[in-house]
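First up is the structure itself, then whatever we jot down about it.
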Amino acid sequence: MRALVLEEIEKEMLVKQVPDPELTPTGVIVKVKANGICRSDWHAWVGDLYVPTYPWVLGHEFTGVIEEVGKDVKRCELLTT
Ligand SMILES: [Zn+2]
């Protein structure tokens with residue numbers, strides 16, 4: 001899949017091919033239709049937001065369609081913050 005990737009703090013963000021996500025028993029696979037970059041992504045870029053590992057895929061605010069559902073998923077809930 002294509003993703004916006006941050007390789008290092010304050011370095012250029014690049015659209016790259018990354019491995020497709022793997023379906024877990026309690027997860028879902030979403031086909032992303034639209035994506036936004038927010039201030040949290042900016043904080044990751046400048047280095048004042050904890051990022052567990054680099055490269056880091058940016059753009060956690062998205063919309064899409066659920067394509068696959070893990071075998072242990074009983075229901076899906078809309079999570080909002
Ligand atoms: Zn955000």
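Ligands, DNA and RNA left out, the accessible area of the chain computed with a 1.4 Å probe is 55% carbon and sulfur. For the stretch 13-81, GluC sites (Glu not before Pro) are listed when DSSP marks them as loop and at most 10 other Cβ atoms sit within 10 Å of their Cβ; the list is Glu22, Glu77. The length gained on full extension between Leu14 and His60, counted as 0.36 nm times the residue separation minus their Cα-Cα distance, comes to 15.0 nm. Ranked from largest, the principal axis spans of the Cα set of the stretch 1-48 equal 35, 20, 20 Å. Rolling a 1.4 Å probe over the protein heavy atoms gives the chain an accessible area of 81 Å² per residue.
Working note: Cα gyration tensor of the chain, eigenvalues times five, square-rooted, sorted largest first, giving semi-axes of 26, 14, 12 Å.
The values are calculated or read from the model by the stated rules, or taken from the named source; none is laboratory data. Note that this is a predicted model, so its numbers are computed, not measured. In this analysis, Cβ positions are derived from the backbone assuming ideal geometry, glycine residues included, and neighbour counts consider all displayed protein chains. Quick note on the areas: whole protein, heavy atoms, side chains included, nothing else; ligands and nucleic acids left out. Shrake-Rupley method; radii C 1.70, N 1.55, O 1.52, S 1.80 Å.
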